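The values are calculated or read from the model by the stated rules, or taken from the named source; none is laboratory data. Owing to the predicted nature of the structure, the values given are computational and were not obtained by experimental measurement. Neighbour counts are summed over all protein chains in view; Cβ atoms, including those assigned to glycine, are modelled from backbone coordinates with ideal geometry.
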Amino acid sequence: MPRVQRQATASWTGNVARGEGSIAPASGTFEPVPYTLASRIGKPDGKTSPEELLASAHAGCYAMSLAGELAGAGTPAELVAVTATVTLDEVEGGSHRIVSSDLRARARVQGIDEEALARAADAADEGCPFSALIKASGTVTVNAELEGSDGD
Amino acid sequence: MATDRRAEVTWRGDLMSGNGTIDRVSSGVFGGLTVSWPARAEEPDGSTSPEELIAAAHATCFSMALSHGLAQDGHVPEQLRTSATVTFQPGEGITRIALAVEGKVPGLDDDGFAHAADQAKANCPVSKALAGVPEISLDARLVG
């Protein structure tokens, strides 16, 4: 398959503490959105952050990966819902690090049990290139459950 | 203090013919964005993709780290404009990220800017999280 390129452009004005920026995706799928340091490490206050964009990327990647695994096993999902929570934390030496991405998936699939879903969920984690990348910096945890099961 | 940011995605159907939406994010700044495999692996056709969002994450993280480094050295930037281009090889993953930054920074020379940009590339948290990408390139230039 051919190589695929995707681009986004960020602007920034001023210093990190009081300055602000905006980010625009090349696809035009959303309008330029603002980001600031205060909204990155405090409350989002209607502004995005690198970690929120990473969470969006990881949730999107993992949802596709899980849908692919379930279809490959002959049990395509009617619906897969994934929430990714990315955590930025201060580490030794005062620098910041992305320490974890926590994936929670809920799947509506006919004819499979929790064990088969767990296998597909693990395979999807291995198959999603972002999971592998994030593991260089932090941990990736996966929890998957069938819709209508006890934890739902 | 740890900071959490969250995103919620729904996918319907299989990988190749199904499609999904990024329903909501912590900030509420976007939502209801369509994603699909053809839009990810072929032409975007107005849809975002995980790779585009990674490009956005990296461009924002790099810009903040660079503004911080420059200001610490006494050179608050008037403006930084950063693009990140993520190359995705289906079946393989992200093979390359190209960062390009144009800066308006009063009183700083090209070498000083290039050095600060290198530091930002090495140290921003998203760069560290993407350290497994085979190649991350950087083109930094000052503009009038």
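Brief remarks on what is shown
- Residue within the stretch A:69-82 that is in contact with a Phe, Trp or Tyr (Cβ under 8 Å, 6 or more places away or on another chain), in a helix (DSSP H, G or I) and closer than 27 Å to residue B:38 by Cβ present: no
- Criterion (over 22 Å from residue A:9 (Cα atoms) and not assigned by TED's automatic domain parsing to the domain that holds residue B:107) met by exactly one of B:28, B:13: B:13
- The single residue among A:83, A:13, A:75, A:9 that is hydroxyl-bearing (Ser, Thr, Tyr) and within 19 Å of the chain's Cα centre (by Cα) turns out to be A:83.
- Within the stretch B:1-28, residues that are within 7 Å of chain A (Cβ to nearest Cβ) reach partners that are in a loop (DSSP other than H, G, I, E, B) and of a type in the set (A, V, I, L, M, F, W, C) with beta carbons closer than 9 Å, at six or more positions or on different chains, in the pairs B:22/B:30.
- For the stretch B:29-48, the candidate set comprises residues that are surrounded by fewer than 18 Cβ atoms within 10 Å (Cβ to Cβ) and more than 7 Å from chain A (Cβ to nearest Cβ); within that set, the residue that is nearest to residue A:51 (Cα to Cα) is B:31.
- When residues of the stretch B:49-80 are limited to those that are of a type outside the set (Ser, Thr, Tyr), outside any helix (DSSP H, G or I) and surrounded by 24 or more Cβ atoms within 10 Å (Cβ to Cβ), the one nearest to the other protein chains (Cβ to nearest Cβ): B:80
- Check on residue A:65, assigned to a helix (DSSP H, G or I) and without any contact (Cβ under 8 Å) to a residue 40 or more places away in the chain: no
- Within the stretch A:27-75, restricting attention to residues that are facing chain B (nearest Cβ under 7 Å) and surrounded by fewer than 18 Cβ atoms within 10 Å (Cβ to Cβ), the residue that is nearest to residue B:87 (Cα to Cα) is A:28.
- Filter result (under 22 Å from residue A:34 (Cα atoms) and part of a loop (DSSP other than H, G, I, E, B)) within the stretch B:17-48: B:26, B:27, B:28, B:29, B:30, B:31, B:32, B:46, B:47, B:48
- Candidates A:99, A:86, A:91, filtered to the one that is without any contact (Cβ under 8 Å) to a residue 24 or more places away in the chain, within 20 Å of residue B:127 (Cα to Cα) and either among the aliphatic types (A, V, I, L, M) or surrounded by 22 or more Cβ atoms within 10 Å (Cβ to Cβ) (or both): A:91
- Flag for residue B:137 being among the polar types (S, T, N, Q), more than 9 Å from chain A (Cβ to nearest Cβ) and in a strand (DSSP E or B): yes
- Residue tally, condition modelled with pLDDT under 95 and farther than 28 Å from residue A:109 by Cβ, over the stretch B:31-54: 4
- Within the set B:21, B:85, the sole residue that is more than 24 Å from residue A:89 (Cα to Cα), at pLDDT 95 or above, assigned by TED's automatic domain parsing to the domain that holds residue B:102 and surrounded by fewer than 22 Cβ atoms within 10 Å (Cβ to Cβ) turns out to be B:85.
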